[in-house]
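S.K.: Pasting in a structure now, in structure tokens, and then I'll have a few things to ask.
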Amino acid sequence: MTDLSINLNKIALIRNSREGNYPDVVEFAKVCIDQGADGITVHPRPDQRHIRPEDVRRLAALVTPLANVEFNVEGNPFAPAIGDYPGFIELVAETMPDQCTLVPDGDDQLTSDHGFDLTSSGEQLRPIIQRLHSLGMRVSLFMDPDLAQIELAKEIGADRIELYTGPYAAAWGSDQLEELFQQHLAAAELSTRLGMGVNAGHDLNLHNLAKFASIPNLLEVSIGHAFTVDSLTLGMAKTVQSYKALLG
């Protein structure tokens, strides 16, 4: 069964539109966990547009003691310290998540929209991966379904890849869907053969998730934007249950 990790960035985005701590990200994490979510994901960016460093610390305090719930912190490994943002790797080292997902996103991006090009960044990432391993955490790399790039991910020490599923989701209902699905399937199969685990995320939802989750050995999906939108209609508890049912 594929694990469901809930990304809480959009809850923090709503919170940040007002003063105070309402809605409280930690309280909504508790709802997700109580309804069977297998993990909690956050993506703290230097501009603090949604998840802030203190959110990461509070969520780490909630999730880390739980034996069956994973804490996943994702972000740009090269993001520096700015103001009270301590730098991405420094924040990860402080909060010690179970998994760190490295993502090549910049401050000018609306959202993550491509995987790593390891021909240009692989050697920079290698010592970062080694440092995270020395701290005892699993490292996943956000990747496009490019077979040559998947092989490079293995070479520089990644434990898992997270397949960027934005193009797959955008092609839903179109003639391009099956070709894109097969590309992701081939990338997942190669990753498994190389000994790396396979995660996936970005724009997966109640319509397109079941097909993608048919990929063998898909260990985890991270869902945030669509989950939050569905929660507006169904309620958060029912939405967790609905996504879990698809993955079951």
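S.K.: Is the C-alpha gyration tensor of the stretch 2-147 telling us rounded, prolate or oblate? Criteria: a/c under 1.5 is rounded; beyond that, a/b larger than b/c is prolate, otherwise oblate.
M.R.: On the way: a/c = 1.62, a/b = 1.32, b/c = 1.23.
Here the stretch 2-147 falls in the prolate category.
S.K.: Something else now. What shape does the stretch 129-248 take by its C-alpha gyration tensor, where a ≥ b ≥ c are the square roots of the eigenvalues and a/c under 1.5 counts as rounded, a/b above b/c as prolate, and the rest as oblate?
M.R.: Because a/c hits 1.5 or more and a/b fails to exceed b/c, the stretch 129-248 counts as oblate.
S.K.: Any lysines with Cα under 28 Å of the K10 Cα? List them, leaving off those in the same chain fewer than 8 positions away.
M.R.: K30, K211, K238, K244
S.K.: If you place +1 on the Cβ of every Lys and Arg and -1 on the Cβ of every Asp and Glu, how big does the dipole about the Cα centre of the stretch 3-247 come out, in debye to the nearest 20?
M.R.: Approximately 620 debye in magnitude.
S.K.: A follow-up question, please. Let me have the 222 nm mean residue ellipticity of the chain computed from DSSP H runs of 4+ only, each contributing -39500 (n - 2.57), with the sum over all residues rounded to the nearest 500. Walk me through the numbers before you get to the answer.
M.R.: Values: 11 runs with 110 residues, N = 248.
One gets -13000 deg cm²/dmol as the mean residue ellipticity at 222 nm.
S.K.: Considering only the stretch 48-184, what is the antiparallel percent among its DSSP beta bridges, to the nearest 5?
M.R.: On the way: 1 of 13 bridges.
So the antiparallel bridges in the stretch 48-184 amount to around 10 percent.
S.K.: Still on this model: Would you mind getting the Kirkwood hydrodynamic radius of the chain from its Cα pairs, rounded to one decimal in Å? Show your work: numbers first, answer last.
M.R.: Values: mean 1/r = 0.0554 Å⁻¹.
Mean inverse Cα-Cα distance, inverted, gives 18.1 Å.
S.K.: Continuing with this model, one more query. What is the stretch 13-172's relative contact order, in percent, from Cα pairs under 8 angstrom and six or more apart in sequence?
M.R.: 16
S.K.: Can you list the HN-Hα couplings for the stretch 191-202, worked out from phi with the Karplus curve (6.51, -1.76, 1.60; θ = phi - 60°), rounded to whole Hz and with x for Gly and Pro?
M.R.: Using θ = phi - 60°, the values come out as 4, 5, 4, 7, x, 9, x, 10, 10, 7, x, 2 Hz.
S.K.: Next question. Taking amide H positions as placed in the peptide plane 1.01 Å from N, state which residues far from N7 in sequence (5 or more) or on other chains have amide H under 5 Å from it.
M.R.: Distant-sequence amide H within range of N7: T41, I223, G224.
S.K.: Antiparallel DSSP bridges in the chain: what percent, to the nearest 5?
M.R.: Of the beta bridges lying entirely in the chain, close to 5 percent run antiparallel.
Where a number appears in this text, it was derived from the coordinates with a stated rule and is not lab data. If you're wondering where the values come from, they're calculated on a predicted model, not measured in any experiment. Neighbour counts are summed over all protein chains in view; Cβ atoms, including those assigned to glycine, are modelled from backbone coordinates with ideal geometry.
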